[in-house]
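The values are calculated or read from the model by the stated rules, or taken from the named source; none is laboratory data. These figures come from a predicted structure and were not determined experimentally. Note that each Cβ is placed from the backbone with ideal geometry, even for glycine, and that neighbours are counted across all protein chains shown. All accessible areas refer to the heavy atoms of the entire protein, side chains included, with ligands and DNA or RNA removed. Shrake-Rupley method; radii C 1.70, N 1.55, O 1.52, S 1.80 Å.
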Amino acid sequence: MSGLSMMCGPGTSTASTAEDTYVFDPGSLTTAQVMGDACAVCHAKWPRPRRPLGELPDGTGVYGCAECAGFVMAHNARALEHALAAH
Ligand SMILES: [Zn+2]
């Protein structure tokens with residue numbers, strides 16, 4: 001019995017590039033939100049969300065309207081979590 005088992009695991013890379021970047025769960029966002037067409041918090045599509053709120057696990061930016069971004073800036077990413085949970 002001569003078998004060589006190859007261990008080719010992907011390796012758990014826990015490298016986090018950004019310190020305070022909130023990573024959104026893409027499953028909890030609508031397509032419009034993932035595409036940046038709608039605010040990730042309040043779903044507003046107009047005015048078009050231009051303020052970065054965080055990103056998706058793959059690094060894609062997630063955006064929000066000025067009002068929600070201001071809320072996040074005034075507090076922190078945890079406040080954003082509460083805001084998202086409230087919906
Ligand atoms: Zn908003």
Just give me the residues in the range 49-75 being open to solvent by 90 Å² or more (accessible area, probe 1.4 Å), over 12 Å from residue 39 (Cβ atoms) and assigned to a helix (DSSP H, G or I), in sequence order.
73
Among the numbered conditions (1) open to solvent by 20 Å² or more (accessible area, probe 1.4 Å); (2) part of a helix (DSSP H, G or I), tell me where residue 80 comes up short.
(1)
Output the residues belonging to the range 16-37 that are modelled with pLDDT of 95 or more, under 16 Å from residue 80 (Cα atoms) and part of a loop (DSSP other than H, G, I, E, B).
29
